[in-house]
1. Which one of B:127, B:162 is surrounded by fewer than 19 Cβ atoms within 10 Å (Cβ to Cβ) and at positive phi?
2. Determine if the stretch B:29-38 includes at least one residue that is more than 16 Å from residue B:235 (Cβ to Cβ), hydrophobic (A, V, I, L, M, F, W, C) and buried (at least 17 other Cβ atoms within 10 Å of the Cβ).
3. Residues B:81, B:68, B:9: which one is surrounded by 18 or more Cβ atoms within 10 Å (Cβ to Cβ), in contact with a Phe, Trp or Tyr (Cβ under 6 Å, 6 or more places away or on another chain), over 29 Å from residue B:194 (Cα atoms) and not hydroxyl-bearing (Ser, Thr, Tyr)?
4. Applying the selection to the stretch B:121-133, what residues are of a type outside the set (S, T, N, Q) and closer than 24 Å to residue B:204 by Cβ?
5. Any residue that is modelled with pLDDT under 90, in a loop (DSSP other than H, G, I, E, B), over 25 Å from residue A:223 (Cβ atoms) and not aliphatic (A, V, I, L, M) - is there at least one of those in the stretch A:33-41?
6. Across the stretch A:109-162, what is the total count of residues that are under 30 Å from residue B:189 (Cβ atoms) and touching a Gly at 6+ places or on another chain (Cβ under 7 Å)?
7. Scanning the stretch B:51-77 for residues that are within 11 Å of chain A (Cβ to nearest Cβ) and not small (Gly, Ala, Ser), which turns out farthest from residue A:169 (Cα to Cα)?
8. Could you check how many residues of the stretch B:9-41 are more than 24 Å from residue B:64 (Cα to Cα) and not in a strand (DSSP E or B)?
Amino acid sequence: MTERQRLGGGNAMMSIGLLMLASLVAITLFGTLIAPYNPSETSADSLAGPTAAHWLGTDSIGRDLLSRLIVGGRTTLLITFVAVTLAVCCGLVLGLFCGYVGGLADQVVMRILDVVFAFPVFLLAIAVVAALGPSVPNLILTIAIVYTPRLARVVRGPVLSVKRWDHVEAARSVGVSEFNIATRHVLPLIVSPVLVETSLTLAQTIFTITALSFLGLGPPPPDPNWGAMLSEARQFMELAPLTVIGPAAAIVFATLTFIVLANGLRERLDVASR
Amino acid sequence: MMGAPVALLQVRGLTAQFNRGDAASQVVKGISFDIGAGESVGFVGESGCGKSVTARALMRLAPEGSSLAWGGTVLFKGQDLLQVNERVMQDIRGRRIAMVFQDPMSSLNPVLTVGAQIEDVVRRHTGASASRARKRAVELLDLVGIRDAARRADDYPHQFSGGMRQRVLIAIAVSCQPDLLIADEPTTALDVTVQAQILRLLMRLRRELGMALMLITHDFGVIAGMVDRVHVMLDGRIVETGSVDALFANPQQAYTQALLAAVPRLDVAGKLA
């Protein structure tokens, strides 16, 4: 199999997922540029329906809903990407260390992670945000703490098996150092499950962040975000259903993106490993 | 003892035991042997007789996840390999003593090109630049008889057949011109025709590079014509030692006789089973 086939020969699920991801990434990168209005700018028509000027209408204090959705998405997705990247990095380091080194160090670290893992995600998130206060960095830290144990486990499992493979012993027999064996002869072989888990974690993180924001533990106003928008709009649901449907649909779309991507990746990587 | 020239490797009273909880099982029970520079020595015995563990003791490679404890001394150029620290051992592995494993299908890293895997070892031990290491990798692939080596260096292990992969592993093992090459059942996983090619390759490289060869096998057919001296192992001990010809012509021990009788022979009438 050539490099080209391996990277390009995806399945339908994967293609759809990547397309959806591209739109999310575009919103994250260019959100403030493509939004038609300043998301905090108020106007005289509040809770207006869709018009030529405001495609999705306005919210309770007359702010453009589409602009708020786009810019709010940017906030939500930025937190998600940064937090999950952090969790994946920590998970990789801890999981690789525990799985490869084993023994007492493994036991101690994994038991500590088990304790974190045992808490319900929301309870832990609420506790951390409550202790540190709601801000973007704190939210990122919270999400990273909450999801690190899961990723560490997903990394550790296959490391335990791959480190016993013959090529690892062969590498050791020609003088490769333990660090290089772990990073060059073990790590690259466990990428597939980690990629799939990362995608699923992204989906759950979006959900977690919006839920925390909905509960008032997200990034402080006036910056829009999907969770807070949903919670504000809730009171005017009958008057302006779009104010609720908009952010809700956005959350569903973003979550779905990563679930579709995870499924596509799983299928693709299974085929590649055959 | 060998006489005038000091042996490259002197093993004295080597023991090896696996510890599992309270239970310990000794798999190598105090064996001693020498390997001179450039000499080729065979170790023959059935599965589980301790020959692979003996080989691993020389490189201090314990199977992952096992608690293997070694005893005795393994003097390599006057240095006791069982006593040196891990850093020193890492420098010896691949540089002074290298090993070819039984299963070529699984002994290469599936996600790195074969060229990269050779280059890694060359750079690790010689500090060569990337381009020099690359040149050396192609040379080595050529040396072990891989056609169109420059192009094949960019291929992944799954694009090679079993015999070709064993050649690649041999190329990696001899990349730094070790003093001793340990071949642990190098042909067991291969077709008979390929077996002969790999054995011939090992013989040729030993001659050209002046390496000592420790050949481990359960198959007397593999040993014949390959080695200067044979040690027959049984249950963690060396039970008989001699030249191949002497052993074939006049096996002293009942076990050696039984092993020889177990090899199917084409020149003897009669059917198997």
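1. B:127
2. Checked against the condition, which is being more than 16 Å from residue B:235 (Cβ to Cβ), hydrophobic (A, V, I, L, M, F, W, C) and buried (at least 17 other Cβ atoms within 10 Å of the Cβ), the stretch B:29-38 yields at least one hit.
3. Among B:81, B:68, B:9, only B:9 is surrounded by 18 or more Cβ atoms within 10 Å (Cβ to Cβ), in contact with a Phe, Trp or Tyr (Cβ under 6 Å, 6 or more places away or on another chain), over 29 Å from residue B:194 (Cα atoms) and not hydroxyl-bearing (Ser, Thr, Tyr).
4. The answer is B:121, B:122, B:125, B:133.
5. no
6. 2
7. In this case the residue turns out to be B:58.
8. The qualifying residues number 4.
The values are calculated or read from the model by the stated rules, or taken from the named source; none is laboratory data. Given the structure is predicted, the values throughout are model-derived calculations rather than measurements. Methodologically, a virtual Cβ is constructed for each residue, glycine included, from the backbone with ideal geometry; neighbour enumeration extends over all protein chains shown.
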